[in-house]
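The values are calculated or read from the model by the stated rules, or taken from the named source; none is laboratory data. Here the structure is a predicted model, which means the values were calculated and not measured. All Cβ positions, even for glycine, are placed from backbone atoms using ideal geometry, and neighbour counts span all protein chains on display. Areas reflect the complete protein model, heavy atoms only, side chains present, ligands, DNA and RNA absent. Shrake-Rupley method; radii C 1.70, N 1.55, O 1.52, S 1.80 Å.
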Amino acid sequence: MRHFLSIKDFTKDELLEMIELANKIKTQTKRKEFVPYLENQTLGMIFEKSSTRTRVSFETGIYQLGGIGLFLSSNDIQLGRGEPLKDTARVLSRMVDMVMIRTFEQSRLDEFAAYSKVPVINGLSNEYHPVQIMTDYFTLLELGKTNPIVAYIGDGNNITNSWLMLAAKLDLEMRVATPKGYECDSGIVGIALGFANESGAKLSFYNDPDIAVKDADVIITDTWVSMGQESEKEARVKAFTGYMVDNVMMSKAKSDAVFMHCLPAYRGYEVSEEIFEKFEDVVFLEAENRLHMQKGIMVWLDEHR
Ligand code: CP
Ligand code: NVA
């Protein structure tokens, strides 16, 4: 049995298999063919943080695969009153067929998975957001960008970390520009560089967005204030001066470069209103594709138990 906790745990071939499955299932869904790959299966969805896309895409996705999703907010289950995570894992995994968790430390996912009899999926942790980044890449492939130079501008966070793992595994070029003090975790960068050495991927790190975006095929950003960092907002907004993706920054990338954002987006901070609306078709395709990519991942996990 496999869990989907981080992109680093999978080979290139396995990641591409999931994308292939997602592509097939998306085509079927668009034809209104709802193939019950996960008939009568239940997906438990534990949320310790807020969500719009992750909740709706997993709940709709499992339903379209012939199963049902259970939305379990930590405020409403005994976990929120102090029931140990490992007990929650042992109870739920005797009742449901798969579990998705959105939580704080990645170690909480590791602990849950260690006690779970069923596959566990990371629906975002402080360190990683692997289902989002698989979706980003799936979307780039749909847009015909098969070997993109990826520039990530902004906070060295869960989105950046998962993108680094994907780029490293799939042999892509990725440049990351963060302000000083907001770089990616050095341990995570070390792991990504190790995979990049094996695959030939080129990962580079800067404190100057202009160098990172030069001739890029895609510019990606994310909020400067992730969930759980609300009290740091003022200091962060100050530190990220000059990191907004706007017309000037976009103009330094390739002429056909696209802008991506996992959402929610904060205009006037990490992206200008103008750039966001200019690429709204890309950004909302990226959002829609969460539904399709995650169906691919769930079916893949079911096939490997
Ligand atoms: N991108 C993303 O994961 O969105 P939600 O926080 O709304 O789930
Ligand atoms: N980095 C953001 C992503 C939200 C989908 C956060 O963790 O809040």
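Working from Cα pairs under 8 Å separated by at least six residues, relative contact order for the range 72-125 is 36 percent. Measuring r between the beta carbons of ASP13 and ASP110 and using R0 = 25 Å, the FRET efficiency lands at 0.55. Label-to-label distance, GLN229 versus ASN23, with points set 7 angstrom from Cα along the beta-carbon direction: 3.4 nm.
When you restrict to C-alpha pairs under 8 Å that are six or more residues apart and normalise by the size of the range 1-118, the relative contact order lands at 28 percent. Solvent-accessible area per residue in the chain equals 42 Å², computed with a 1.4 angstrom probe and all protein chains kept. Run the numbers on the chain and let me know its relative contact order in percent, using alpha-carbon pairs under 8 Å that are six or more apart. Once normalised by length, the contact order is 21 percent. Close amide H pairs (under 5 Å, H built 1.01 Å from N) link MET98 with THR42, GLY44, residues at least 5 positions away or on another chain. Overall, the chain carries a charge dipole of about 520 debye about its Cα centre when +1 sits on the Cβ of Lys and Arg and -1 on the Cβ of Asp and Glu, all other atoms neutral. Peptides 66-75, 16-25, ordered by how many other C-beta atoms sit within 10 Å of their residues on average, highest first, read 16-25, 66-75. In this simple spin-label approximation, SER199 and ILE68 carry label points 7 Å from Cα along the Cα→Cβ vector, and these lie 3.9 nm apart. Its Cα centre serving as origin, the range 31-164 has a Cβ charge dipole (Lys and Arg +1, Asp and Glu -1) of approximately 180 debye.
Pairs from the list LYS49/LYS86; LYS30/LYS295; LYS49/LYS117; LYS8/LYS295; LYS145/LYS169; LYS117/LYS295 with a Cα-Cα gap above 22 Å: LYS49/LYS117. Each helix, a run of at least 4 DSSP H residues, gives -39500 (n - 2.57); summed and divided by the residues of the chain, these come to -13500 deg cm²/dmol at 222 nm.
Neighbours of VAL258, meaning other residues whose beta-carbon lies under 13 angstrom from its beta-carbon, give a summed charge of -4 when Lys and Arg score +1 and Asp and Glu score -1.
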